[in-house]
Amino acid sequence: MIILEIIYLLLPCYIANMSPVFAKKLNILKPLAKPINEKWLGKNKTYRGFVTGIITAIIVVYLQTIFYQPWSLIPYQELNTILLGLLIGFGTLFGDAIESFFKRRLKIAPGRPFVPFDQLDSVLGALLFIYILHPLSLNIIFFSLIITFILTLLSNSIGYLLKIKDVWW
């Protein structure tokens, strides 16, 4: 059951993390498709990605509030939905941006592996910002990282085998 609870907890993060890719492919919010800081974060971290990630997380948290599960790790109905979604969305993209910052400093090219940070950056950011509204136990944080690492490698490998992704990581 804990696996399902953690996936449900991190669903806004997972979807927010994917939304910049879809926003780019669908060419929405084109005026925001400018790098935030190319020197520090690279050209792929854009205002559009941050905005779509945050909006997506808010929508997912709102839906989680409507379809609240009693076993949920967060009492969605007791928290400000917009604030929680904003924090998760921002935390997700913030974690990803921090990882990009370190990749640039270490001269790791965009798209090159940076294991395990490629798999955990967004979740670390989301968990940090979730903690502001609703502290989580160290066990939940630990298992969130383990589950996310496994799910990310699994989904990326499947995407690679199906030729949806160019790389397995």
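None of the figures in this text is laboratory data; all of them are computed from the coordinates on show. For clarity, every value in this text was computed on a predicted model and none was experimentally measured. Glycine also receives a Cβ, built like all others from the backbone with ideal geometry; neighbour counts cover every protein chain displayed.
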By Kyte-Doolittle mean hydropathy of at least -1.0 and Cα axial length of at least 27 Å, which whole DSSP H helices of the chain are selected? 2-26, 47-66, 81-105, 138-161
Amide H contacts of residue 46 (H built 1.01 Å from N, under 5 Å, at least 5 apart or other chain): 36
Report the residue, chosen from 158, 88, 147, that carries the largest GNM mean-square fluctuation when the chain is represented by alpha-carbon nodes joined by springs under 10 Å. 158
Treat every Asp and Glu Cβ in the range 96-152 as -1 and every Lys and Arg Cβ as +1, leave all other atoms uncharged, and give the resulting dipole magnitude about the Cα centre to the nearest 20 debye. 300 debye
To the nearest 20 debye, the range 2-161 has a Cα-centred charge dipole, built from +1 on Lys and Arg Cβ and -1 on Asp and Glu Cβ, of 940 debye
Sorted from fewest to most neighbouring beta carbons within 10 Å, what does the list 127, 29 look like? 29, 127
Final fewest-first order of 5, 99, 78, 38 on the 10 Å Cβ neighbour count is 78, 38, 5, 99
MRE, 222 nm, helices only [DSSP H, n ≥ 4, -39500 (n - 2.57), over the chain, to nearest 500]: -23500 deg cm²/dmol
Using the 10 angstrom Cβ neighbour count as an exposure proxy, how do 51, 61, 115 rank, fewest first? 115, 51, 61
